[in-house]
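Before any comments, here is the structure.
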Amino acid sequence: MIAWEIHFRSERKEQVFLTLDCASIPFALLESELFGHERGAFTGAIAKRMGRFELAHQGTLFLDEVGEIPLELQAKLLRVLQEKRFERLGEHRTTSIDVRFVAASNRNLGRMVAEGDFRRRDLYYRLKVFPIVLLPIRSG
């Protein structure tokens, strides 16, 4: 609800608001879900598909449970956050985006970085630009 409020109280409110539960999607599908893919990029890719990064252009993308993103994919996410561009799976053309990212996790990402479970310290700091700490719903 907080991510939704951030979006709808901003200048981007007329643009798209997308959510992605990073914990509910297997790694192989998560990469395609974020980046999209070209036809034939992998078995089962029968058509070109836009990913969440591209679909959220000029809007907001809420990455729920960002602490569950596999280590292999964290470097690619960092690159998108830094450079504001990406390539679909199976494509060699770079697509530029303008997206507000809002991330949430029920895990302590700072502790995960220290323990090596969230290996990208620089990704952690890119995501922790404006932290909002909320109590769990069960505590209210």
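Values in this text are rule-based calculations from the coordinates and carry no lab data. This is a predicted model, so every value here is computed, not measured. Virtual Cβ from ideal backbone geometry, glycine too; neighbours counted across all protein chains shown.
Counting only Cβ charges, +1 for Lys and Arg and -1 for Asp and Glu, the dipole size of the chain around its Cα centre is about 240 debye. DSSP finds beta bridges in the range 1-117, and of those with both partners inside it, around 25 percent are antiparallel. In a DSSP loop and with at most 11 other Cβ atoms within 10 Å, the GluC sites (Glu not before Pro) in the range 8-80 are Glu11, Glu14.
Computed from the C-beta positions of Lys84 and Trp4, the FRET efficiency with R₀ = 22 Å rounds to 0.45. If the segment from Tyr125 to Met112 were pulled out straight at 0.36 nm per residue, it would be longer than the present Cα-Cα gap by 3.4 nm. Against the chain, whose longest principal axis is taken from its Cα atoms, helix 71-83 shows a tilt of about 90°.
Springs between alpha-carbon atoms under 10 Å, Gaussian network over the chain: tell me which of Ala47, Ala104, Ala75 tops the mean-square fluctuations. It is Ala47. Straight-line reach from Lys48: taking Cα to Cα under 17 Å and skipping same-chain neighbours fewer than 8 places apart, the aspartates and glutamates in range are Glu31, Glu33, Glu38, Glu87, Glu91.
One decimal place: the segment Arg138-Asp98 gains 10.9 nm when fully extended, by the rule 0.36 nm per residue minus the C-alpha distance. Straight-line cross-link partners of Lys128 among the lysines, defined as a Cα under 25 Å from its Cα and at least 8 positions apart when in the same chain: Lys13, Lys76, Lys84.
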